[in-house]
1. Just add up the charged neighbours of Ala131: K/R +1, D/E -1, any other residue whose Cβ is under 10 Å from the Cβ of Ala131.
2. Treat the count of other C-beta atoms within 10 Å as a stand-in for reagent exposure and order Met54, Met113 from fewest to most.
3. What residues qualify as long-range amide H neighbours of Val291, i.e. H under 5 Å apart, gap of 5 or more or another chain, H built at 1.01 Å from N?
4. For a protection proxy built on the mean count of beta-carbon atoms within 10 angstrom, sort 301-314, 227-240 highest first, please.
5. Rounded if a/c is under 1.5, else prolate if a/b beats b/c, else oblate: with a ≥ b ≥ c from the C-alpha gyration tensor eigenvalues square-rooted, which is region 224-378?
Amino acid sequence: MDSTQLALLALLVGVIVGGSIAAVIFAAFRARDRARVEMSADVPDGVREVLHGMDDAVVVVDSSFTVLAASAAAAPFELIEGGTFPTEELRALARRVRASGSAAGQTTATETMRLRRGALPAEPRLVAVRATRISPRLTLLVLRDITERERVEEMRRDFVANTSHELKTPVGAVSLLAEAVESAADDPPQVRIFAARLQAEASRLALLTSRIMNLSRLQASDELPQRDVSIDEVVASALDAHAIQADSAGVEVVRGGSRGLYVRGDAQVLSEAVGNLVANAIAYSPRGSSVGVGVKAVEGVVEIAVTDRGIGIAEGEQDRVFERFYRADPARARRTGGSGLGLSIVKHAVQRHGGEVRLWSRPGRGSTFTIRLPESEAPAAEPVPKRGRKKKRPATPASAKPAAPAPTPAAEPAANGEPA
């Protein structure tokens with residue numbers, strides 16, 4: 001092999017070696033860039049703008065569960081940029097998505113959980129959370145509040161079954177009593193008895209229908225008017241509406257606690273909610289006992305507590321007393337004309353105002369229902385309009401002034417300052 005062939009062979013080997021080294025270097029740079037992108041905790045350009053334009057709560061978090069980007073709707077869930085996940089459920093979901101994505105390629109997971117939306121005393125909301133793995137260090141979570149959707153679906157399922165069952169009793173009673181009145185037409189005393197029972201069943205039917213309509217109105221998606229509501233006026237209205245019931249039952253209603261507190265909402269709805277608690281307390285209290293209504297403010301929350309010394313509620317039934325048409329004592333409810341909707345109306349009315357209802361009860365010792373609502377500032381007093389200055393009348397000549405009447409002796413004060 002001559003020198004020319006050796007030179008060409010060396011050149012070929014050099015080209016091959018050089019190309020291989022260049023390919024290795026290029027692949028190394030590509031791998032480095034890819035690893036840098038995957039392991040980077042920087043949010044890609046444009047992601048924040050997209051998140052701020054979304055109606056749902058959306059956040060991007062890193063491996064330490066720090067929120068790197070968040071939409072405006074995520075703030076009520078305490079998910080803000082720079083903060084961390086407030087609950088362990090969210091952390092477990094993000095951790096599971098990252099682990100499953102690196103192992104089996106599954107990069108998405110969906111879970112339904114209850115998260116608190118807003119400050120206390122707001123109740124937890126039912127939220128569908130969808131987590132997506134963006135990179136080994138970044139996870140995207142979309143939170144959709146499905147509380148209202150589930151509530152409407154539950155209302156649709158329960159309305160026909162519960163309402164038809166509850167309406168069947170008074171409607172059947174009215175029909176039977178009408179037949180009894182017709183058959184006893186020649187017996188006036190029996191007619192009067194049947195007519196009185198017929199009137200009672202008609203009143204029960206009217207009350208049940210009215211409460212069903214009120215509950216349906218509270219469960220509707222329409223927003224309640226937001227005004228400054230005086231708690232003093234709410235409590236006074238509720239007590240006035242049930243004063244006759246308390247007198248006939250021989251129960252004394254006592255109002256105590258703080259004054260001058262305000263909340264935001266609908267005064268009529270809140271008065272009805274407090275009135276339902278007062279009515280229940282009176283109905284389940286023995287004659288000669290008392291019902292207490294106390295008001296106080298605790299750390300920005302207004303508490304309205306209604307306490308009775310009645311029969312109380314068993315611990316196993318306390319979680320169900322707020323259900324529609326549920327009666328802890330069906331026999332007593334029939335005697336008092338209860339519909340089983342009063343406490344359900346209270347619960348939904350308070351929830352629509354961003355609050356909650358708490359219950360303490362012991363059988364034989366009584367019950368305490370506490371409505372907790374976010375406190376608001378007292379409205380500023382309206383300025384009193386200035387009274388206009390009176391115009392001076394022109395002086396009347398002394399000769400034109402009427403003579404003052406002479407004082408009557410009986411109207412003159414005695415020496416001791418008292419009338420004679």
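Nothing in this text is a laboratory measurement; each read-out follows from the coordinates by a stated rule. Quantities reported herein were computed from a predicted structural model and do not represent experimental measurements. Note that we place each Cβ from the backbone using ideal geometry, even for glycine, and neighbour counts take in every protein chain shown.
1. +4
2. Met54, Met113
3. It is Glu252, Val253, Val254, by chain and number.
4. So the order, starting with the most tightly packed, is 301-314, 227-240.
5. prolate
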